[in-house]
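Throughout, read-outs are computed from the coordinates displayed, never taken from laboratory work. These numbers were taken from a predicted model, which means no experiment stands behind them. Neighbour counts are summed over all protein chains in view; Cβ atoms, including those assigned to glycine, are modelled from backbone coordinates with ideal geometry.
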Amino acid sequence: MSLTSVTMTHVVDTLTPQAEERLLEFTRSELFERTFREGMDMVEETAAYLDGPGRQDSQALAKPQALIYASQSMKLTTRLMQVASWLLVQRAVKSEEMSITEARAGKYRLVAEAPKDGELSFSDLAKTAHALPSILLDLLARSQALYERISRLDRSLYGSIAAQKGNTVADQMNRLETAFKTEQDV
């Protein structure tokens, strides 16, 4: 057996026992239940809107706004599917249908959304918001806040160095220290 096949078949979990216990406490908590329900309710609310009144809303838009509506509704749907997937993985950990090691795999993790080239930022979207349905804008804002909260939970519970790079407390302290040293030297 080669080293590559050993590496691929044997995964070493580096999560400390305290971190594992914290994760399990979270999945058994009222906070998790509320977050799970909030996420699933938002998925249902979004689907009901996009499949119902949202169709009529999008058809009433001029072509440029209809294109923005379509791209934003796809972004909304993708974001909520990622949240739902993450929440379902945590529920699987809670019910012992999935191990913590499996749940830590990159494919189940959430990271902060990064804007893609050519994609409208939320502030850019606000400039055309007057032409878009308020329900869509509300769902976009709420889903973004939920996604960011879930992403922070993911980093906190699973401790991904890659996801936290540049965002750790130590990094922030170093930046502050550097900024104050620079000001004092001037």
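Tabulated data for the structure shown
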item: Förster radius 22 Å - calculated FRET efficiency between residue 78 and residue 56, Cβ distance, rounded to 0.05; result: 0.45
item: Contour minus Cα-Cα distance for residue 102 and residue 141 (0.36 nm per residue); result: 10.9 nm
